[in-house]
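Please read the structure below before turning to the comments.
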Amino acid sequence: VLCGDHVTALPQETLDNSLTDMVLQGGDYDFGLMSILDGTSKTAIVPPRRQRIANLGTVDVVGQRIVNFPTVTPLTNLPVINRALAKWWLYAYDNGNFIRTPATYLQSSRDCWWRHKKNENELGGCGFCSWTSIFPNERHLSVEQVMAEVEACAVLGIKEIFDDAGTIMPGSWLEELCLQLRQFNRVQLWQQARIIYGCNAKPGMFKTPAPWQMMAASGFRFCLMGLESANQKTLDALNKGQTVEQIYRACQWASEAGLHVHGTIMLGHPNETIEDTERTVEMVRTLFRHGWLRTVQFTLLMAYPGTQLFKDAERNGWLRYAHDWPSYDMRTPALTSPVSDDQLLGLVRRGYQTALSPQYAWHYFRTLRTWDEIAFLWRGLKLFLGHLTDFAGVHA
């Protein structure tokens, strides 16, 4: 049984090219698979047949089926994850975004409240996001469920959590979460928090600095923002629902509140010229210079099947590799562009070099408060040096 974003978009391709028995479409494949296994699903399962497969012997193959489980089940029905049963230590991440370890993830919603549509014929949400197809609507856990997970993680010795909901839920839900996190942490800043909290956020989601300050005061440390581009035409084409001005303002407000802002950037939209691409790199340089950005991630814009961007690319003839999926590996642009491959890949490297400025170093070092941050700086420096040579020699 296969599930996920790619097979949701192209289920028949999967069945035609593999021995897959069944494709579960949509993001609620956990609910769907359980209903199949316990017999409560209304979907009739074709009895197994036996088939001889070369080099594999005789195997049972269930009748090939495509089953769609709509995302309608309230997430409040879910139990708290039993992380001990799931062997959480196998998922105790030590990646470049965590200051304290062991660390882990939770997901307070499936997936993102930003599901606005440019028109009725298009998918809602950001045009490049593959989760718009498996989670077309947003649902979220209750604050009590999230805090139950936080408390369970604390018992296991976990020191930092990243909430990987597409964008954390603003408004009264976030206010209640911050209130309970602050009571749980019994502190005002993340440096002394029992558990540090991080999340994905969206430029423009707040109209004042106050919510950022509220988050920082409750134990939030890390905030990942999808900045993507310094060109409004690109942001509009990708249905980001944010302005360039909001990008600057959000990074400033969050960083001045004491949060570590990590920005993600995508280069290579088919409508962007070399001047447009350089403008985005310069935006990152400016954010670093002001101390409004802590770290950054540059990637090539990728069109995944099932996304609005992929549909646009097929309609406009932007796909360079059609359905040759091994070529969609981030080593080279997958979309056509007026910018050459060498220029585009070189600009990715230049993007990371924007951090090499005295102003950024000054802002970074003057905010160091703990030994955890110094250790994190050492780990991050090795990753940063590796990014300076990204794509070097790709076309050699």
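Counting only residues that are touching a His at 6+ places or on another chain (Cβ under 9 Å) and among the polar types (S, T, N, Q), which one in segment 278-323 is farthest from residue 127 (Cα to Cα)?
295
One line per residue, one yes/no per condition, for (1) open to solvent by less than 30 Å² (accessible area, probe 1.4 Å); (2) touching a helix residue (DSSP H, G or I) at 6+ places or on another chain (Cβ under 6 Å); (3) among the charged types (D, E, K, R):
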site	(1), (2), (3)
280	yes, no, no
289	no, yes, yes
321	no, yes, no
334	yes, no, no
348	yes, no, no
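Cβ contacts < 6 Å: first residue polar (S, T, N, Q), restricted to segment 168-196; second residue surrounded by fewer than 18 Cβ atoms within 10 Å (Cβ to Cβ) and not in a helix (DSSP H, G or I), any location; separation 6+ or different chain. Result?
Once the first residue is polar (S, T, N, Q) and sits in segment 168-196, its partners that are surrounded by fewer than 18 Cβ atoms within 10 Å (Cβ to Cβ) and not in a helix (DSSP H, G or I) give 185/194; 191/369; 191/370.
What's the number of the only condition in (1) touching a Leu at 6+ places or on another chain (Cβ under 7 Å); (2) over 21 Å from residue 253 (Cβ atoms) that residue 200 fails to meet?
Failing condition for residue 200: (2).
Here's the yes/no breakdown for (1) among the charged types (D, E, K, R); (2) in contact with a helix residue (DSSP H, G or I) (Cβ under 9 Å, 6 or more places away or on another chain):
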| site | (1), (2) |
| --- | --- |
| 106 | no, yes |
| 110 | yes, yes |
| 113 | no, no |
| 118 | yes, yes |
| 158 | no, yes |
| 166 | no, yes |
| 179 | no, yes |
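I'd like to know if segment 305-325 contains one or more residues that are within 24 Å of the chain's Cα centre (by Cα) and more than 27 Å from residue 25 (Cα to Cα).
No, that holds for no residue.
Considering only residues of segment 6-35 that are under 25 Å from residue 109 (Cβ atoms), at pLDDT below 90 and among the small types (Gly, Ala, Ser), which is farthest from the chain's Cα centre (by Cα)?
Ranking the candidates gives 35 first.
Which members of segment 230-257 meet the condition of being in contact with a Phe, Trp or Tyr (Cβ under 8 Å, 6 or more places away or on another chain) and among the polar types (S, T, N, Q)?
252, 255
Here are 180, 188: which of them is at pLDDT below 95, over 21 Å from residue 295 (Cβ atoms) and either open to solvent by 10 Å² or more (accessible area, probe 1.4 Å) or not charged (D, E, K, R) (or both)?
Numbers: 180 fails: at pLDDT below 95.
The match here is 188.
Which residues, counting only those in segment 147-163, are assigned to a helix (DSSP H, G or I), touching a residue at least 12 places away in the same chain (Cβ under 8 Å) and more than 17 Å from residue 173 (Cα to Cα)? So that I can check it myself, show each step before the final result.
Restricting attention to segment 147-163, the residues satisfying the condition of being assigned to a helix (DSSP H, G or I) are 147-155.
Okay, now just the ones that are also touching a residue at least 12 places away in the same chain (Cβ under 8 Å), so 147-154.
Passing the criteria: 151, 152, 153, 154.
I'm trying to understand the selection: among the residues of segment 291-319, which are part of a helix (DSSP H, G or I) and either touching a Lys or Arg at 6+ places or on another chain (Cβ under 8 Å) or open to solvent by 50 Å² or more (accessible area, probe 1.4 Å) (or both)? Let's see the steps before the verdict.
Looking only at segment 291-319, we keep the residues that are part of a helix (DSSP H, G or I), and these are 308-316.
Passing the criteria: 311, 314, 315, 316.
Those residues that are β-branched (Val, Ile, Thr) and over 23 Å from residue 157 (Cα atoms), I need them from segment 70-92; list them, please. Working first, answer last.
At the first step, the residues of segment 70-92 found to be β-branched (Val, Ile, Thr) are 71-73, 76, 80-81.
Selection gives 71, 72, 73, 76.
Of all residues in segment 95-120, how many are more than 18 Å from the chain's Cα centre (by Cα) and open to solvent by less than 50 Å² (accessible area, probe 1.4 Å)?
3
Kindly list the number of the only condition in (1) modelled with pLDDT of 95 or more; (2) of a type in the set (D, E, K, R); (3) open to solvent by 10 Å² or more (accessible area, probe 1.4 Å) that fails for residue 272.
That leaves (3) as the condition not met.
Does segment 208-227 contain any residue that is over 30 Å from residue 120 (Cβ atoms), open to solvent by 30 Å² or more (accessible area, probe 1.4 Å) and either in contact with a Pro (Cβ under 6 Å, 6 or more places away or on another chain) or in a loop (DSSP other than H, G, I, E, B) (or both)?
Yes, segment 208-227 has at least one match.
How many residues does segment 252-269 hold that are in a loop (DSSP other than H, G, I, E, B), open to solvent by 20 Å² or more (accessible area, probe 1.4 Å) and at negative phi?
Residues of segment 252-269 that are in a loop (DSSP other than H, G, I, E, B), as a first pass: 257-259, 268-269.
Now drop any that are not open to solvent by 20 Å² or more (accessible area, probe 1.4 Å), which leaves 257-258.
When the remaining residues are screened for being at negative phi, the result is 257.
Selection size over segment 252-269: 1.
Looking at segment 121-146, which of its residues are surrounded by fewer than 20 Cβ atoms within 10 Å (Cβ to Cβ), assigned to a helix (DSSP H, G or I) and either in contact with a Gly (Cβ under 9 Å, 6 or more places away or on another chain) or hydrophobic (A, V, I, L, M, F, W, C) (or both)?
Of everything in segment 121-146, just one residue is surrounded by fewer than 20 Cβ atoms within 10 Å (Cβ to Cβ), assigned to a helix (DSSP H, G or I) and either in contact with a Gly (Cβ under 9 Å, 6 or more places away or on another chain) or hydrophobic (A, V, I, L, M, F, W, C) (or both), namely 131.
Could you please find all residues in segment 103-116 being modelled with pLDDT of 90 or more and not in a strand (DSSP E or B)?
Of segment 103-116, the ones modelled with pLDDT of 90 or more are 103-110, 112-116.
Residues satisfying the conditions are 107, 108, 113, 114, 115, 116.
Can you tell me which residue in segment 124-153 is nearest to residue 3 (Cα to Cα), limited to those that are among the hydrophobic types (A, V, I, L, M, F, W, C) and in contact with a Cys (Cβ under 9 Å, 6 or more places away or on another chain)? Break it down stepwise before answering.
Step one: filter segment 124-153 for residues among the hydrophobic types (A, V, I, L, M, F, W, C), giving 126, 128-129, 131, 134-135, 141, 143, 146-148, 150, 152-153.
Cutting the leftovers down to in contact with a Cys (Cβ under 9 Å, 6 or more places away or on another chain) gives us 126, 129, 131, 134-135.
Numbers: 126: 22, 129: 17, 131: 13, 134: 10, 135: 13 Å.
Per the stated criteria, the residue is 134.
The values are calculated or read from the model by the stated rules, or taken from the named source; none is laboratory data. Just so it is clear, the structure is predicted and the values come from calculations on it, not from any experiment. Note that each Cβ is placed from the backbone with ideal geometry, even for glycine, and that neighbours are counted across all protein chains shown. These accessible areas exclude ligands, DNA and RNA; they are computed on the full protein's heavy atoms, side chains included. Shrake-Rupley method; radii C 1.70, N 1.55, O 1.52, S 1.80 Å.
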